[in-house]
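A short write-up of the structure that comes next.
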Amino acid sequence: MFRYIVYRIVGLVGVLFLVTVITFSLMHAVPGGPFDEEKMPLSAEAKANILRKYGLDRPLYEQYGRYMWNALQFDFGIPFQSPGETVTDLIARTWPISMQLGGMGLAVAFSFGILLGILSAIRQNTWVDYGTTVIATLGITVPSFAISILFIVLFATIWRVLPTGGWGGPETWIMPVIVYALGPMAIVARYTRSSILENLRMDYVRTARAKGLKERSVLFIHVLKNSLIPLLTIMGPMLPGVMTGSLFVEGIFRIPGLGQFFVTSIFERDYPMIMALTLLVAVLIGIVYLITDILYALVDPRVRYVRGSK
Amino acid sequence: MQNKTGISMLRRSSLLILVAGMAWLAYGLIDTLFADSEPRYVNSIGVPLPGDALPPGQQVIRVFSESRPYNEWFRTVYKGAAGKYIIAEPLTRTNRDFELRGGAAERWEVSDDGLDWTFHLRPGLQWSDGRPLTAHDYVFSLRRGADPENAYDFGWYYQPIRNWQAVVARTVPVDSLGVWASDDLTLHIATEETTPHLPLLLTYSWVSPEHAVRKYGDTWSTRPETCVSSGPFVMVEWIKGERMVYEANPMYRGVDKPYLEKLIYKMFNLTTPPPRIPAYEADEIDFTEVENQAELARLLSDDALSDQVHTWPNFWTHYLFFDVTQPPFNDRRVRLALSLAIDRDAICRSALKGFAIPGYAMLPPGFPAYSDNAYAESQGYDPERARQLLAEAGYPDGRGIPGLDMWLRNEIVMHRDAAEGIQAMLQRNLNLEVEVRNVENKVFMDGLNNHTLAFGMVPYEFDFVDPSNLLGLWRSNGRHNWNNTDFDALMTEAEAEVRDPSRRISLYKEAERLLVEDVAGVFLWHRQRAQVWKPYLKGSALEPNASGYRSWRGDQVMSSSITFYLAEDEPGLALPARRQNAEGAGAR
């Protein structure tokens, strides 16, 4: 097991290196630069001064080398769109907010998703099941910005019970968390439902019933435990995305999180931020998959890492 | 009997009404006189509030504002937050008729040769930390703008100042810039050429505090502790990405003392802006821009809200530009044909309804040297003549012109619709295949600045109200590659005309005639702004000036437009309770 983890981490470092090379070349290949004139062309000298100030006048391989050298010492540069702070400052300021939003969103998504999944499984093909299916389908298909605007108009403008946006007390969390949770909740509900239905047809359930266990004990002690294993698979890949914020939800609700920077950094050609964010997501995905695999082995005795004949 | 009583009752009641009416008039008169002579409230910095104003504690404005990293004009303009206009005192200001008046400078004069300007500062000006604001601060600020190490993004604006370009190009040291102070109150500015509009240019001279920049570096303007102010407001809070709060500056000794006690900017990210109108309707902000027709139509059809909608023209022109060095646009007849094939009235009636008026030249109505719609005839809709011109140029029925890409700079839906209208008109009237390509800002500006876009549509919004601003972008080697020496000569001559303003204006008119008649661009429309603001907002800044314009620039609460305040909706009626309770408002 330990060896397995070490192998995986070494692999991750290799992947990260590849990611930096690809991202660096791609972002410099796109036309336009971070300090293009917005309105009137600056003189060539004025432009050169700006490029020089940020080290962009140097050859690309040198810029890359410098970046990597600094990054290895955890210096990720200065974001062009917010030069009053470092990339690390910016991420430290905004990421916790996105994580808080994401964490609350996930909690809501999993608790309500599992609940809905159970309900529709034990009431299969009744109105409960169909109703849950409708909610789940809506949650997946309706874009989050449409739901956001609908919520804002209803709860803030017409009924005036919640603020339209901002980030402060719990009243500012409600709408973004719900909007944020809807999509994952729908997915969790669907997975839970089919997983429970599958498990209910298993032999061990028949055995449990046969030895006279109450239906409730069968469901909550035996079926549910086994049914939730597949959720680990979907939770893993969901995590990095959810924990790094969303452009739409954060933008529309004026939440000063990290999500917006994934898009603004590209629009602004903010090279240090593009690199930092790509690395951040790559690391997160790598770690989350690793943890998921380890958890799998712990939760499900049938899954084991077998290497060669050992 | 009954009848008689009825009549006398009628008489009696008319008498009553008359008496009551007179009493009401008298009360109104006294009330007005009283209000004018002795204001009810004086705000925390000693400004008497108008008679109908709410108490100082409620003089709080809340507005959405774009999140940006700095607050200093001479550090960066395009990455500067809204506070940069209100925490610094410019040398000159304009009034709401766009006429020049004093700011930090109370008067100024120019030498006989028109090259050397002397600005006399008002005595007693100071920073919010108590240090005097002197001519040296302005010297420092302008040098900072030119300093290659500061890498300023608005440098083109100050190029008339002597040695500006040489300093930027590092050929001479920063201190050889043509700006110096002979004493604390006397600032000298030398220009390369005569520049009669220099005092107007210097409305954009929001000064940087030399002592704070030296002590705290570039980020002095990003924290309340280090952000000293010479302007009407001072920063008290800035939570990055969330909110910025400014309060009236008690140390301010300038000319534009505000009625307001507090400004709360609620920050947002421009990439996904929050829905503004719902926030306005929820009483979270006090005014906001209306950005599309669906919103405008809904607001205007709403009985309660229609009175809060205000529209007025903006000095902003949309036009088609060409690469005039390459066929087919190197032929003036082709360019003119395009102009004649576009029915601007139809576009302004449909796609841009309520947001634009047809334009046929660069300068919009109300701007100095405006052509008074003189080119509506020669440039206006005439598809028959357009086809004829295209044929004369060697492209009968559009044959020989390959498919054209019309490039747009990250345009909003309304302008994309208008561009598609133009696309359809060019197809129908000239049989031209046009593809509308709306691309993101960086890609567009890269192409525009390098002159690699052959054809496109782009706007220009004024910086200062002088023809040299809007016409200046057509000078050779500028934004577009239409190079015309006669035009340049006229522009230079106009800029050299220091003594005779009316001759200067007629030179600009002549320059614009050359521009329009050679169809350097196809001028399409001038934008109108639409805003909503709450009925309790009052003040001269919000009212139209003599020619129907408002100097009010909305979300940017510019220093020249802070003369507004919160008034009682109706006499004696305080603000709606929900606004008082709203976050931040009312609190001191």
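Sort out which residues of region A:278-302 are buried (at least 17 other Cβ atoms within 10 Å of the Cβ), among the hydrophobic types (A, V, I, L, M, F, W, C) and in contact (Cβ under 8 Å) with a residue 60 or more places away in the chain, and write them in order of number.
Within region A:278-302, A:Leu280, A:Ala282, A:Leu290 qualify.
When both residues are 6+ apart or on different chains and their Cβ atoms are under 6 Å apart, which pairs have a first residue that lies in region A:160-175 and is at the interface with chain B (Cβ under 7 Å from one of its Cβ atoms), and a second that is crowded, with 21+ Cβ neighbours inside 10 Å and among the β-branched types (Val, Ile, Thr)?
A:Thr164/A:Ile152; A:Trp167/A:Ile255
Could you please give the count of residues in region A:217-272 that are part of a helix (DSSP H, G or I) and under 17 Å from the mean Cα position of the chain (by Cα)?
23
So which of A:Tyr204, A:Tyr191 is more than 30 Å from B:Gly241 (Cβ to Cβ), among the aromatic types (Phe, Trp, Tyr) and either touching a Pro at 6+ places or on another chain (Cβ under 8 Å) or within 14 Å of chain B (Cβ to nearest Cβ) (or both)?
After applying the criteria, what remains is A:Tyr191.
Among (1) within 27 Å of the chain's Cα centre (by Cα); (2) away from chain A (no Cβ under 14 Å), which single condition is B:Leu430 missing?
Going through the list (1) within 27 Å of the chain's Cα centre (by Cα); (2) away from chain A (no Cβ under 14 Å), B:Leu430 breaks only (1).
Output yes when any residue across region B:78-89 is out of contact with any helix residue (DSSP H, G or I) (no Cβ under 9 Å at 6 or more places or on another chain), within 14 Å of chain A (Cβ to nearest Cβ) and of a type in the set (Ser, Thr, Tyr), and no when none is.
Yes, region B:78-89 contains at least one residue that is out of contact with any helix residue (DSSP H, G or I) (no Cβ under 9 Å at 6 or more places or on another chain), within 14 Å of chain A (Cβ to nearest Cβ) and of a type in the set (Ser, Thr, Tyr).
Using the structure shown, decide if B:Thr94 is at negative phi, β-branched (Val, Ile, Thr) and more than 22 Å from the chain's Cα centre (by Cα).
no
Give me the strands (runs of 3 or more DSSP E) completely within region B:48-114, filtered to those with at least 3 residues that are at pLDDT 90 or above, ordered by residue number.
So the answer is B:60-66, B:105-110.
Does region B:63-98 hold any residues that are basic (Lys, Arg) and surrounded by fewer than 23 Cβ atoms within 10 Å (Cβ to Cβ), and which are they?
Residues satisfying the conditions are B:Arg68, B:Lys79, B:Arg93, B:Arg96.
Restricting the search to region A:80-92, which residues are buried (at least 21 other Cβ atoms within 10 Å of the Cβ) and either of a type in the set (Asp, Glu) or not in a loop (DSSP other than H, G, I, E, B) (or both)?
Scanning region A:80-92 gives A:Val87, A:Leu90, A:Ile91.
Within region B:438-450, restricting attention to residues that are buried (at least 16 other Cβ atoms within 10 Å of the Cβ) and not hydrophobic (A, V, I, L, M, F, W, C), which residue is nearest to B:Leu202 (Cα to Cα)?
B:Asn449
What tally of residues in region A:30-79 results from selecting those that are more than 8 Å from chain B (Cβ to nearest Cβ), of a type in the set (S, T, N, Q) and either crowded, with 19+ Cβ neighbours inside 10 Å or assigned to a loop (DSSP other than H, G, I, E, B) (or both)?
Total satisfying the criteria: 1.
Inside region A:171-193, can you point out the residues that are over 30 Å from A:Leu228 (Cα atoms) and surrounded by fewer than 19 Cβ atoms within 10 Å (Cβ to Cβ)?
Hit for region A:171-193 is A:Glu171, nothing else.
Take B:Leu200 and decide whether it is in contact (Cβ under 8 Å) with a residue 40 or more places away in the chain and part of a helix (DSSP H, G or I).
yes
Quick one: B:Gln531 ticks every box in (1) closer than 30 Å to B:Leu305 by Cα; (2) crowded, with 22+ Cβ neighbours inside 10 Å except a single one, so which number is it?
(2)
Name the residue, out of B:Gly403, B:Gly394, that is over 33 Å from the mean Cα position of the chain (by Cα), farther than 29 Å from B:Asn449 by Cα and not aliphatic (A, V, I, L, M).
B:Gly394
Quick one: how many residues across region B:147-165 are more than 9 Å from chain A (Cβ to nearest Cβ) and either of a type in the set (D, E, K, R) or surrounded by fewer than 22 Cβ atoms within 10 Å (Cβ to Cβ) (or both)?
3
Is there any pair linking a residue in region B:533-544 that is modelled with pLDDT under 90 to one that is among the β-branched types (Val, Ile, Thr), with Cβ under 6 Å and at least six apart or on different chains, and which?
B:Gly539/B:Thr563; B:Ser540/B:Thr563; B:Ala541/B:Thr563
Name the single residue, out of those in region B:204-221 being surrounded by 22 or more Cβ atoms within 10 Å (Cβ to Cβ) and within 25 Å of B:Phe64 (Cβ to Cβ), that is farthest from the other protein chains (Cβ to nearest Cβ).
The residue in question is B:Trp206.
Contact list please: Cβ distance under 9 Å, first residue in region B:467-478 and assigned to a loop (DSSP other than H, G, I, E, B), second residue polar (S, T, N, Q), pairs at least six apart or on different chains.
From residues that are assigned to a loop (DSSP other than H, G, I, E, B), the pairs are B:Trp474/B:Asn484; B:Arg475/B:Asn483; B:Arg475/B:Asn484; B:Arg475/B:Thr492; B:Ser476/B:Asn483; B:Ser476/B:Asn484; B:Ser476/B:Thr485; B:Asn477/B:Asn483.
Could you please find all residues in region B:115-128 being surrounded by 15 or more Cβ atoms within 10 Å (Cβ to Cβ) and assigned to a loop (DSSP other than H, G, I, E, B)?
B:Leu115, B:Arg122, B:Leu125, B:Trp127, B:Ser128
Taking region B:60-93, which residues are among the polar types (S, T, N, Q) and under 23 Å from B:Gln126 (Cβ atoms)?
Residues satisfying the conditions are B:Asn71, B:Thr92.
Report yes if A:Gly11 is within 13 Å of chain B (Cβ to nearest Cβ) and modelled with pLDDT under 90, otherwise no.
Judged against the criteria, A:Gly11 is not a match.
If I filter region A:139-150 down to residues being more than 10 Å from chain B (Cβ to nearest Cβ) and crowded, with 18+ Cβ neighbours inside 10 Å, which single residue comes out as modelled with the highest pLDDT?
Top of the filtered list is A:Ile147.
Got at least one residue in region B:216-226 being part of a helix (DSSP H, G or I), closer than 30 Å to B:Glu493 by Cα and out of contact with any strand residue (DSSP E or B) (no Cβ under 6 Å at 6 or more places or on another chain)?
The answer is no, given that none of the residues of region B:216-226 is part of a helix (DSSP H, G or I), closer than 30 Å to B:Glu493 by Cα and out of contact with any strand residue (DSSP E or B) (no Cβ under 6 Å at 6 or more places or on another chain).
Answer yes or no as to whether B:Arg131 is farther than 29 Å from B:Asn545 by Cβ, within 14 Å of chain A (Cβ to nearest Cβ), surrounded by fewer than 18 Cβ atoms within 10 Å (Cβ to Cβ) and more than 27 Å from the chain's Cα centre (by Cα).
No.
Residue check, A:Met235 against (1) within 28 Å of A:Thr86 (Cβ to Cβ); (2) away from chain B (no Cβ under 13 Å), all met but one. Which one?
Among (1) within 28 Å of A:Thr86 (Cβ to Cβ); (2) away from chain B (no Cβ under 13 Å), A:Met235 violates only (1).
Looking only at residues in region A:238-275 that are of a type in the set (Ser, Thr, Tyr) and within 23 Å of A:Gln63 (Cα to Cα), which one is farthest from the other protein chains (Cβ to nearest Cβ)?
A:Tyr271
The values are calculated or read from the model by the stated rules, or taken from the named source; none is laboratory data. From a predicted model like this one, the values you see are computed outputs, not experimental measurements. We place every Cβ from the backbone using ideal geometry, glycine too, and count neighbours over all the protein chains shown.
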